[in-house]
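The values are calculated or read from the model by the stated rules, or taken from the named source; none is laboratory data. Owing to the predicted nature of the structure, the values given are computational and were not obtained by experimental measurement. When we count neighbours, we look across all protein chains shown, and the Cβ atoms used for this are built from the backbone with ideal geometry, even at glycine. The protein model used for the area step is the full one, side chains on, heavy atoms only, and it has no ligands, DNA or RNA in it. Shrake-Rupley method; radii C 1.70, N 1.55, O 1.52, S 1.80 Å.
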Amino acid sequence: MNDTKGTAFNGLVSGQNYDFFAALFGLNDSFYAAAVKGLSLGSDEMALDLGCGTGALSFALAAQSSPQCRIYGLDLAEKQIARAQSRQKEYSCDMHFNVASMDEACFPDGTFSIVMTAMALHEATPQTRRTAIANAAQMLAPDGLFLLVDIARPRLRGVGLLLYPLVMTSAKHKDSLSNAYADVCATHGLVQREDGYLNSLVRRQVFVKKTAAC
């Protein structure tokens, strides 16, 4: 379903069915564990998951974080959020999943140690994704991390080779292919710390929020 903010996954491709089909394309527990590698929340630290879907990225982070942390997730699709809410009892930390667009997150400046998004930015409209990144920078604490996992220019092997024509001609992937996200992040004081591919089609980037100059 297309919302004015982007694509909302409802109907037959949502909830538990979404998890099944996503796993067929490699978006499984191992994928999300790799996405959050090296990241964790300490006691009383908080994270925000933009376009959280069924919560897979949030759960991967929760699995390696303090039971006293707190994680919030937002997604356009009610059925995706319902699926995430049904699974959150499997984890000890405090988790909150709500229906909202990624650019509608409204928390005080400096709230989060980590803001993250995986396989969601390309589904949002260009203005939505730019506003979401700008807001993320505001909501991050100094030295906080922004984790960005999304489709990128395919590597010419495996699935990347197979999907190259489809991805390269898709208008919704324009920002992903040019890595325009990195420029938007830089504009808002987010400095790239890590950059690499999780597979032949998906890029993982970690940005850190600059501390204010003395």
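At least 2 residues that are within 20 Å of N28 (Cα to Cα), at pLDDT 95 or above and open to solvent by 50 Å² or more (accessible area, probe 1.4 Å) in each: list the helices (runs of 4 or more DSSP H) lying fully within region 56-165 that qualify.
Numbers: elements: 56-62, 78-87, 126-139.
Helices (runs of 4 or more DSSP H) meeting the threshold: 78-87.
I'd like the full set of residues that are on the phi < 0 side of the Ramachandran plot and of a type in the set (G, A, S), limited to region 101-121.
S101, A105, S113, A118, A120 - these are the residues of region 101-121 that are on the phi < 0 side of the Ramachandran plot and of a type in the set (G, A, S).
Restricting region 1-55 to residues that are among the aromatic types (F, W, Y) and either more than 22 Å from G196 (Cβ to Cβ) or at pLDDT below 95 (or both), which is most open to solvent (accessible area, probe 1.4 Å)? Checking each candidate, the answer is F25.
If you go through region 60-104 and keep only what is over 14 Å from L50 (Cβ atoms) and small (G, A, S), you end up with A60, A62, A63, S65, S66, A82, S86, S92.
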